[in-house]
Amino acid sequence: MKRFALISIPYLWLLALFLVPFLIVLKISLSDTELAIPPYTPTLDIAQGWAGVREWWAGLDMENFVWLTEDDLYWKAYLSSLKIAIISTVLTLLVGYPIAYGMTRAPDEWRPTLMMLIILPFWTSFLIRVYSWKAILSNEGFLNQFLIGIGLIDEPLVILNTNIAVYIGIVYTYLPFMVLPIYAALERLDESLLEAAEDLGCSRFTAFWLVTFPLSKQGIVAGSFLVFIPAMGEYVIPALLGGSKTLMIGKVLFEEFFANRDWPVASAVAVVLLLILIIPIVLFQRNEEKQREAGK
Amino acid sequence: MSDAAKALEPVFEPWKDPSQKPLIRFENVTKRFGDFTAIDDLTINIYEKEFFALLGPSGCGKTTMMRMLGGFETPTEGSITIDGQDMSAVPPNKRAVNMMFQSYALFPHLSVADNIAFGLKRDKLPADQIAARVEEMLSLVQLNKFASRKPHQISGGQRQRVALARSLAKAPKLLLLDEPLGALDKKLRQDTQFELMDIQETTGTTFVIVTHDQEEAMTVASRIAVMDHGKIVQVDTPAKIYEEPGNIYVADFIGDVNLIKGKVVKSGNDHASISWAEGQQDLTGIAHDEIPHGTEATLAIRPEKVTISTDRPEGVTNALSGTVLDIAYLGNMSTYVIEAANGTLIKAQAANTRRISRRAITWEQQVWLSFTDTAGVVLTS
Ligand SMILES: Nc1ncnc2c1ncn2[C@@H]1O[C@H](COP(=O)(O)OP(=O)(O)OP(=O)(O)O)[C@@H](O)[C@H]1O
Ligand SMILES: [Mg+2]
């Protein structure tokens, strides 16, 4: 009984904080907009009893999902988000891997400090950190002032309000999610494996390529999903750093909700986003499981 | 092999031939980790086709020596040459040396077969040749059935065999084996020992092997180096190490030994006698050199060289008496512990040719021990 109670805690948690909200969103996505509070119909009228339930059920339809396929804004936004998420995941990997690798090569007494430095940015508000990038990247920002100051460029670079700023923002924000799993994988790597590889005729580089890299693959996969999944639905970064041309599904979602007050369409957008993300989430779980097995 | 055939074969003793060039030469090699000295001013020559065993207590520097040969550690002082070439600037992948690691160091992401093929692939051999060689190695270590398993899916002993096969696969000129057989059961260990000796004979590979198992060192080695605290205490053939240990440390480290302390009363350059207890006959053994009169010395004698009898033996150089304190029955033989003069405990071993019930010697009995004048060795250090 006690055992059962213990196991049920995470399930209750999931039920209360994921499944129930999801079902509410799903229901709204099947409703129609209405100028009312809440701004959609039908609403369930318990007082009418069984007839009320039937009326409520009859009011639900797939109209909003059909709408998502009719207006090309939506699929373009999904595709664009996908592209931005993929590119920024690759960029984060390119920046994160050398950092993680460098950390494992650092002397033992340095590692806790380096780890601290990676985690430290989390101690300040995410919003403030992203906002401060505006001050760095704008036309009169620190970066341009510096580059003009050292005489590298004459005209300021236009970075803010472009996709480049969004990439910078995502790479910066999600870097720790990439570094930490890769670091964990590299940390576990037994130094003597590299010696064995060299002993059998590998150069340092081939030893890295044939041993270190494959053995950190699970860290890479984990890190990539941890960046890709939230980046896909990212709202704050494109809203603050991106321009009017930056199309991301998170932004579309926000606008449907707050600008258009079209809760049902916004909910439909969210449901589709979730369905899209289920694929990488399942893959991520598989990877974690495999890792656990190999670790045994 | 009959004794006659053995006698016809030239004796393999390159270390006695000054015209022979050693394959490996350690010259005054010192290795320090911080201020800890792991290898202390070590000089040694190892010759081609030798089966060279390193023996010594844990932490004495055996692995460190191997790692310097493999190129994973550089000597703090001194030089190492292999085949006449100074090794200080040669990285591990450029050495014709393969090492079997004490921790096995198997690649966890590769199957058993791919682990074995790893070195062969680096040599860019044709695929069919690699496959054939891998197959050969798998049969050698009896792991054909496990070729496609990952290292974490096989047992510890099997892993050790994969590591061995992987290091053998490239048929290197010099093979370094760091405790290659420790995790194997006795039968498999013996089979593999003979297999190694076979490989050694057919390929002419030079082996340097670390082992904790003296019997193993005795079985396989052409020479044994006994190490202690980063120094080599004695290098010699197994027989010499066993029969004529150079000092008390070696005598005590290898096999079972009786150490009888005394003072030298008589000595030539190949024998010495010590007086060891009041009213007892002096004991004589071989000596490596003439020892000055009155020097403190120890007679080292192996238990199996001590004869036990109930009556005083006639016509022997060394005899002493005592009472039986303990008898350990070991099946094919028994070990007797005898308390002699001054409470000195001496072990004697005798083969059990008769049934246990009819054995003549029992506890508390007064017995005589005797041995020849070449059975023991008188040591001063
Ligand atoms: N990288 C290192 N840093 C500091 N000390 C080391 C290092 N490697 C080895 N040592 C020390 O050098 C000594 C010799 O180590 P080594 O591994 O050669 O011993 P060993 O003879 O192989 O022992 P064992 O039989 O237990 O394998 C040990 O005291 C060990 O602690
Ligand atoms: Mg060792």
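The values are calculated or read from the model by the stated rules, or taken from the named source; none is laboratory data. Source: prediction; values computed, not measured. No Cβ is skipped: glycine too gets one built from the backbone with ideal geometry, and neighbour counts run over all protein chains shown.
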Quick check: is even one residue across segment B:68-90 surrounded by 18 or more Cβ atoms within 10 Å (Cβ to Cβ), more than 30 Å from A:VAL211 (Cα to Cα), hydrophobic (A, V, I, L, M, F, W, C) and assigned by TED's automatic domain parsing to the domain that holds B:LEU174? no
What are the pairs with Cβ atoms under 7 angstrom where one residue, in segment A:94-118, is surrounded by 15 or more Cβ atoms within 10 Å (Cβ to Cβ) and the other, located anywhere, is small (Gly, Ala, Ser)? Sequence gap at least six, or different chains. A:GLY96/A:GLY223; A:LEU114/A:ALA106
Some residue of segment B:137-148 being within 23 Å of A:CYS202 (Cα to Cα), assigned to a helix (DSSP H, G or I) and more than 14 Å from chain A (Cβ to nearest Cβ): yes
Residue check for A:LEU240: touching a Pro at 6+ places or on another chain (Cβ under 8 Å), closer than 23 Å to A:ILE168 by Cα and modelled with pLDDT of 90 or more: no
Let me confirm something: among B:THR76, B:THR64, which residue is farther than 30 Å from A:ARG292 by Cβ, within 16 Å of ligand 2 (Cβ to nearest atom) and β-branched (Val, Ile, Thr)? B:THR64
Would you confirm whether or not segment B:158-172 contains a residue that is away from chain A (no Cβ under 14 Å), more than 16 Å from ligand 1 (Cβ to nearest atom) and either surrounded by 15 or more Cβ atoms within 10 Å (Cβ to Cβ) or modelled with pLDDT under 90 (or both)? yes
Just a yes or no: is a residue in segment A:256-274 within 17 Å of the chain's Cα centre (by Cα), surrounded by fewer than 20 Cβ atoms within 10 Å (Cβ to Cβ) and more than 17 Å from A:ILE24 (Cα to Cα)? no
Could you grab the pairs with beta carbons closer than 7 Å, sequence gap of 6+ or different chains, first residue in segment B:299-318 and small (Gly, Ala, Ser), second one in a loop (DSSP other than H, G, I, E, B) and modelled with pLDDT of 85 or more? B:ALA300/B:PRO245; B:ALA300/B:VAL257; B:ALA300/B:GLY376
Would you check if there is a residue in segment A:229-240 being buried (at least 18 other Cβ atoms within 10 Å of the Cβ), part of a helix (DSSP H, G or I), within 14 Å of another protein chain (Cβ to nearest Cβ) and in contact with a Leu (Cβ under 7 Å, 6 or more places away or on another chain)? no
Of everything in segment A:93-131, what is small (Gly, Ala, Ser) and part of a helix (DSSP H, G or I)? Give them in sequence order. A:GLY96, A:ALA100, A:GLY102
Output yes when any residue across segment B:115-136 is within 26 Å of the chain's Cα centre (by Cα) and more than 14 Å from chain A (Cβ to nearest Cβ), and no when none is. no
Applying the selection to segment A:190-228, what residues are more than 8 Å from chain B (Cβ to nearest Cβ) and part of a loop (DSSP other than H, G, I, E, B)? A:SER216
Evaluate the following for B:GLY56: is it under 19 Å from the mean Cα position of the chain (by Cα) and either assigned by TED's automatic domain parsing to the domain that holds B:GLU215 or among the hydrophobic types (A, V, I, L, M, F, W, C) (or both)? yes
If B:VAL112 satisfies all but one of (1) crowded, with 22+ Cβ neighbours inside 10 Å; (2) facing chain A (nearest Cβ under 8 Å), what's the number of the condition it fails? (2)
Does B:ALA328 fit the bill of being surrounded by fewer than 17 Cβ atoms within 10 Å (Cβ to Cβ) and either of a type in the set (A, V, I, L, M, F, W, C) or touching a Leu at 6+ places or on another chain (Cβ under 9 Å) (or both)? yes
Tell me which of these B:LYS187 doesn't satisfy, since it passes every other one: (1) crowded, with 20+ Cβ neighbours inside 10 Å; (2) assigned to a helix (DSSP H, G or I); (3) away from ligand 1 (no atom under 16 Å from the Cβ). (1)
